[in-house]
Amino acid sequence: MSASTSRSLPGVIVGDLNAVNQSHLQHYRTTDIEEAHQFFRTALVDLQVRFSKPGPEGALLDTSVASLDDLTVQRLHYSVGTLVRTEPSADLNINVMLDGHFVMEDGRDRFPVKAGGVVLQPPDRPLIVTFRGVDVLTVRVPRSLVEDAAQEAGLDAAGLRFGDGRPRTDVLARHWSQTVSYVWRSMRSVPEVASNRLIVAQLRRQLATAALATFSNATQDGDQSSGARPVAPATLRRAMAYTEAHADRGVTVTDLAAEARLSVRALQNAFRRHRDMTPSQYVRQVRLDRAHRDLQAADPGTGATVAAIAARWGFPHPGRFSTDYRRAYGHSPGRTLHT
């Protein structure tokens, strides 16, 4: 149930997506079972599909796919009862069941998912998935992106394990659903999202981090021992200078560690010791400062807005930006813009 980013959808119709005609949003709808069969063959990878008789709606297939580079979010409604055999995949395919019947089996365990449930298709073993009348929101997260998130969190990326596909807790399952819903709404309703590299990087990192927290049992990396060698301030300044020079891009903790020639854990320890914050907090602080400068220099009479300036620096949610801005500068961003 994962969308391939390397193959285009057959019969793409974009008019239903809020009249947005952009390559990162695709929509396909058919009531012909043979066309539906061809869609699955073309748009989904490493699957063997077997169909049973159509449901009460006939053979309705209605699906939309949004792309954040090689990460995809797909909303799929399909009325036909279907059995899918999947091959092992390195990437993570995570389903939020909005409605319908869904059962996942791996030869050892049978895992039914009810409406509102969340399930990860375990990436390292073949599966049999049966579904009928489903409405599902599926995210395909590249394994490399999750490993980057693990490194940024100081975890052993090579030791990531994802168990049987069940979320670690109900609270984390809800967190995943809320995160995916937020990203999906952003991709569908704000056309500028996909063209803003900072926002794309932030949304990708947000999903990878949520997937890591919700499903993995990763262990702490071993380089955080109390006897680790202190990091010289000049080394830390290299990472900070890199942030300043690339604040308009999706700077990651892994990027900063490479620039400083440190492990991620050593860089995190250095930021805590010398700056009393994490590297990610520092990156966010720099971007907030750039937004502050732009607000000071902007002329509202030319059409400049707080939302546009915030989005330019990777803050797609105006409410959260306003809260962070007030905390940093003591007043609203609107006041800065109009002063």
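The values are calculated or read from the model by the stated rules, or taken from the named source; none is laboratory data. What you see is a predicted model, and the numbers here were worked out from it, not measured in a lab. When we count neighbours, we look across all protein chains shown, and the Cβ atoms used for this are built from the backbone with ideal geometry, even at glycine. Heads up: the accessible areas ignore ligands, DNA and RNA and are worked out on the full protein's heavy atoms, side chains in. Shrake-Rupley method; radii C 1.70, N 1.55, O 1.52, S 1.80 Å.
Taking θ = phi - 60°, what integer Hz values does the Karplus form 6.51 cos²θ - 1.76 cosθ + 1.60 yield along region 243-259, in sequence order, with x for Gly and Pro?
Running phi through 6.51 cos²θ - 1.76 cosθ + 1.60 with θ = phi - 60° gives 4, 4, 6, 10, 5, 8, 10, x, 5, 10, 5, 4, 4, 5, 5, 5, 5 Hz.
Work out from phi, with θ = phi - 60° and the Karplus expression 6.51 cos²θ - 1.76 cosθ + 1.60, the ³J(HN,Hα) of each residue of region 210-217, listed in order in whole Hz, and give x for Gly and Pro.
5, 5, 4, 5, 7, 10, 7, 10
With the Cα gyration tensor of region 230-290 in hand, give its eigenvalues times 5 under a square root as the equivalent ellipsoid semi-axes, listed largest first in whole angstrom. The partial results should precede the final answer.
Numbers: eigenvalues 58, 28, 19 Å².
In descending order the semi-axes read 17, 12, 10 Å.
With a 1.4 Å probe and all protein chains left in place, how much of the accessible area of region 261-315 comes from carbon and sulfur atoms, in whole percent?
Working: 1300 of 2800 Å².
Exposed carbon and sulfur together represent 47 percent of the surface.
Taking just the alpha-carbon atoms of the chain, what radius of gyration and Dmax come out, in angstrom?
Rg, Dmax (Cα atoms, Å): 22.2, 68.
What is the distance in Å between the Cα centres of region 240-287 and region 96-118?
Region 240-287 and region 96-118 have Cα centres separated by 40 Å.
Between the DSSP loop rule and a limit of at most 15 other Cβ atoms within 10 Å, which trypsin sites (Lys or Arg not before Pro) in region 77-152 are left? The partial results should precede the final answer.
Values: sites: Arg85, Arg108, Arg110, Lys114, Arg132, Arg140, Arg143; in loops: Arg108, Lys114.
Within region 77-152, the qualifying trypsin sites (Lys or Arg not before Pro) (loop, at most 15 other Cβ atoms within 10 Å) are Arg108, Lys114.
Suppose every K and R has +1 on its Cβ and every D and E has -1 on its Cβ; what is the size of the dipole of region 202-332 about the Cα centre, in Debye to the nearest 20?
180 debye
For a Förster distance of 30 Å, can you work out the FRET efficiency between the beta-carbons of Thr323 and Arg29, rounded to the nearest 0.05?
On the way: r = 40 Å, r/R0 = 1.32.
About 0.15, to the nearest 0.05.
Would you mind classifying region 114-253 by shape? Square roots of the alpha carbon gyration tensor eigenvalues, ordered a ≥ b ≥ c; an a/c under 1.5 is rounded, otherwise it is prolate if a/b is larger than b/c and oblate if not.
Cα axes put region 114-253 in the oblate bin.
For Arg85 and Arg110, what does the FRET efficiency come to when R0 = 22 Å and r is the distance between their Cβ atoms, rounded to the nearest 0.05?
On the way: r = 15 Å, r/R0 = 0.68.
With a Förster radius of 22 Å, E is 0.90.
With θ set to phi - 60°, apply the Karplus curve 6.51 cos²θ - 1.76 cosθ + 1.60 along region 131-141 and write out the HN-Hα couplings as whole Hz, x wherever there is a Gly or Pro.
Values per residue, Gly and Pro as x: 9, 8, x, 8, 10, 9, 10, 10, 10, 9, 10 Hz.
Residues of region 303-321 with the amide nitrogen closer than 17 Å to a label point 7 Å from the Cα of Gln178, along Cα-to-Cβ, please.
Backbone N within reach: 317-321.
Under the rule a/c < 1.5 gives rounded, and otherwise a/b versus b/c splits prolate from oblate, where does region 48-97 land using the Cα gyration tensor?
Working: a/c = 2.95, a/b = 1.48, b/c = 2.00.
The shape class here is oblate.
With just the Cα atoms of region 182-339, tell me how far they stretch along each of the three principal axes, in Å, largest first.
Projected onto its principal axes, the Cα set of region 182-339 covers 57, 36, 24 Å.
Can you give me the long-range amide H partners of Ala59? Hydrogens built in the peptide plane at 1.01 Å from N, cutoff under 5 Å, separation of 5 or more residues or another chain.
none
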